[in-house]
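Visitor: Okay, handing you the structure first.
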DNA sequence: AAAATACATATTGCATACATTTTGTAAATC
DNA sequence: GATTTACAAAATGTATGCAATATGTATTTT
């Protein structure tokens with residue numbers, strides 16, 4: 001295995017994507033060129049091309065003369081997210097049901113198997129990445145070049161947000177995650193049946209479930225504990 | 001005027017955007033690095049960064065080891081366009097009506113003045129660019145970071161398509177263009193009044209007008225002339 | 001002592017030489 | 001004569017040294 005430069009670039013691209021999606025690199029974190037060069041084995045020119053590609057995809061933001069940072073997530077971006085997500089997700093699943101190729105249906109079945117496995121035995125990042133992969137495939141199925149850019153940006157931040165609730169700590173959260181998995185199965189069935197209307201309805205259901213999870217994280221139930229104590233200890 | 005490298009990069013970026021939007025550079029056309037270096041005064045490193053930025057915005061496509069070309073437009077992309085445009089345009093104008101800042105309303109009024117002037121005295125490219133600018137501002141007003149990437153891609157191809165009908169050759173086309181301008185005025189009024197519902201309706205109307213123009217170009221009326229002759233001579 | 005300024009250091013941006021890949025052309029083979 | 005193969009030319013990708021910009025620190029000034 002020669003390990004060409006092209007491979008190293010693809011590797012680094014993938015590694016940074018995963019790290020950002022799973023919050024291994026937090027929103028706003030600085031990316032040090034010298035550091036990344038060192039542990040990727042790339043020189044600065046191709047490294048900077050990788051950063052520019054990530055910027056184009058929405059993973060990072062480039063500030064002239066001040067390096068790259070991981071894209072921010074604020075309360076305003078969360079509001080934008082809530083407005084855009086249901087519309088785009090609905091359109092993507094509609095088109096996926098209309099256009100999915102047989103090979104893609106096989107691919108999404110495999111992705112769903114991975115997701116299910118991650119729910120049973122995987123880590124939080126495994127679950128987030130498997131779920132992300134599932135939805136990426138629906139985007140490929142829809143195949144609309146005008147919708148994909150926005151769809152991908154939504155998926156990035158959806159993954160980062162969902163990292164918080166793919167670490168289920170209450171029975172209710174476990175139940176939610178299980179329901180999400182069942183919805184995935186229904187989505188696959190609707191796509192395989194070319195059932196556009198059902199796919200759109202499932203998109204709405206799936207979004208509502210996710211929205212509830214997000215809301216319960218952003219606006220958790222009021223604490224009925226004395227101040228200075230958290231209602232539940234989180235590991236580390 | 002020092003004319004720094006940063007200025008030259010911005011200049012080239014703008015020049016290439018305009019050329020692509022106005023079909024000065026045709027879809028599929030190759031971009032020669034050496035040539036661009038020569039007439040932009042940039043060396044290859046910053047030039048390639050410009051190309052990567054254009055790729056991220058959807059103006060060009062990069063093929064490894066084979067250079068950049070202007071993004072293609074085919075019948076499949078046109079189909080995607082017809083599906084995505086009404087949805088995205090509607091959402092953008094809705095949000096624009098909700099969120100527009102006073103300074104932005106002044107900006108779009110100025111843009112509309114430019115557009116009107118271009119209709120009277122300007123060239124086809126002037127009209128296309130002025131129209132493009134008008135709609136760019138609606139995107140800035142909406143300000144939803146998840147919708148903007150798709151919106152911008154739509155605007156790119158909308159500009160390229162509209163170059164064909166901003167060179168009006170029949171009285172009916174002149175009438176259409178005039179109606180588009182009136183719709184712009186109504187859009188501005190709805191936004192200034194924060195009238196979300198009207199803005200959404202106008203988005204639909206404006207799209208329908210544009211769609212009809214596109215359709216009459218893609219599927220023109222049958223020729224009742226002998227073969228070998230075009231029904232109407234176009235200048236150059 | 002607080003603020004401002006000058007300087008040193010670190011980081012980013014650019015230019016150019018070199019390596020690799022592609023592509024066009026001509027010779028050779030069948 | 002058509003196809004294949006070898007080679008040459010051109011274009012793309014990468015590495016690195018140098019320039020420009022930003023940042024932190026120490027010194028000076030009030």
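The values are calculated or read from the model by the stated rules, or taken from the named source; none is laboratory data. Worth saying up front: this structure is predicted, and the values here are computed from it rather than measured. We place every Cβ from the backbone using ideal geometry, glycine too, and count neighbours over all the protein chains shown.
Visitor: Tell me, please, whether a residue that is modelled with pLDDT under 95 and not in a loop (DSSP other than H, G, I, E, B) can be found in the stretch A:60-75.
Guide: Yes, some residue in the stretch A:60-75 is modelled with pLDDT under 95 and not in a loop (DSSP other than H, G, I, E, B).
Visitor: Sticking with this structure for a sec: Scan the stretch B:149-169 and give yes if some residue there is away from chain A (no Cβ under 14 Å) and farther than 24 Å from residue B:16 by Cα, otherwise no. First the steps, then the outcome.
Guide: From the stretch B:149-169, those away from chain A (no Cβ under 14 Å) are B:162-169; that's our starting set.
With farther than 24 Å from residue B:16 by Cα added as a condition, the list becomes B:168-169.
Within the stretch B:149-169, one or more residues are away from chain A (no Cβ under 14 Å) and farther than 24 Å from residue B:16 by Cα.
Visitor: Quick one: in the stretch A:102-134, of everything that is closer than 24 Å to residue A:55 by Cα and touching a residue at least 24 places away in the same chain (Cβ under 8 Å), which residue is farthest from the other protein chains (Cβ to nearest Cβ)?
Guide: A:125
Visitor: With (1) more than 13 Å from chain A (Cβ to nearest Cβ); (2) within 24 Å of residue A:51 (Cβ to Cβ); (3) outside any loop (DSSP other than H, G, I, E, B) as the list, and residue B:47 as the residue in question, which single condition is left unmet?
Guide: That leaves (1) as the condition not met.
Visitor: Which residues, counting only those in the stretch B:189-200, are assigned to a helix (DSSP H, G or I) and either surrounded by fewer than 16 Cβ atoms within 10 Å (Cβ to Cβ) or assigned by TED's automatic domain parsing to the domain that holds residue B:18 (or both)? Full working, then the answer.
Guide: Pass one, the stretch B:189-200, residues assigned to a helix (DSSP H, G or I): B:189-192, B:196-200.
Those that are assigned to a helix (DSSP H, G or I) and either surrounded by fewer than 16 Cβ atoms within 10 Å (Cβ to Cβ) or assigned by TED's automatic domain parsing to the domain that holds residue B:18 (or both): B:189, B:192, B:197.
Visitor: Which residue pairs have Cβ atoms under 8 Å apart, sit 6 or more places apart or on different chains, and have a first residue in the stretch B:200-216 that is within 14 Å of residue B:182 (Cβ to Cβ) and a second that is exposed (fewer than 15 other Cβ atoms within 10 Å of the Cβ)?
Guide: Close Cβ pairs satisfying both conditions: B:209/B:179.
Visitor: Assess whether residue A:12 counts as being outside the structural domain of residue A:196 (by TED's automatic domain parsing), surrounded by 20 or more Cβ atoms within 10 Å (Cβ to Cβ), in a helix (DSSP H, G or I) and within 14 Å of DNA strand C (Cβ to nearest atom).
Guide: On the way: outside the structural domain of residue A:196 (by TED's automatic domain parsing): yes; surrounded by 20 or more Cβ atoms within 10 Å (Cβ to Cβ): yes; in a helix (DSSP H, G or I): yes; within 14 Å of DNA strand C (Cβ to nearest atom): no.
No.
Visitor: Examine the stretch B:31-39 for a residue that is assigned to a loop (DSSP other than H, G, I, E, B) and away from DNA strand C (no atom under 14 Å from the Cβ), and state whether such a residue exists. I'd like the intermediate steps shown before the answer.
Guide: At the first step, the residues of the stretch B:31-39 found to be assigned to a loop (DSSP other than H, G, I, E, B) are B:32.
Okay, now just the ones that are also away from DNA strand C (no atom under 14 Å from the Cβ), so none.
Scanning the stretch B:31-39, I find no residue that is assigned to a loop (DSSP other than H, G, I, E, B) and away from DNA strand C (no atom under 14 Å from the Cβ), so the answer is no.
Visitor: Test of understanding: among B:26, B:79, B:94, B:69, which residue is on the phi < 0 side of the Ramachandran plot, away from DNA strand C (no atom under 16 Å from the Cβ) and away from chain A (no Cβ under 14 Å)?
Guide: Being on the phi < 0 side of the Ramachandran plot, away from DNA strand C (no atom under 16 Å from the Cβ) and away from chain A (no Cβ under 14 Å) holds for just one of B:26, B:79, B:94, B:69, which is B:26.
Visitor: Kindly list, by first and then second residue, each pair from a residue in the stretch B:40-64 that is under 13 Å from residue A:56 (Cβ atoms) to a residue that is near DNA strand C (Cβ under 9 Å from one of its atoms), limited to pairs with Cβ atoms under 7 Å and residues at least 6 apart or on different chains.
Guide: Hits for this filter: B:50/B:9.
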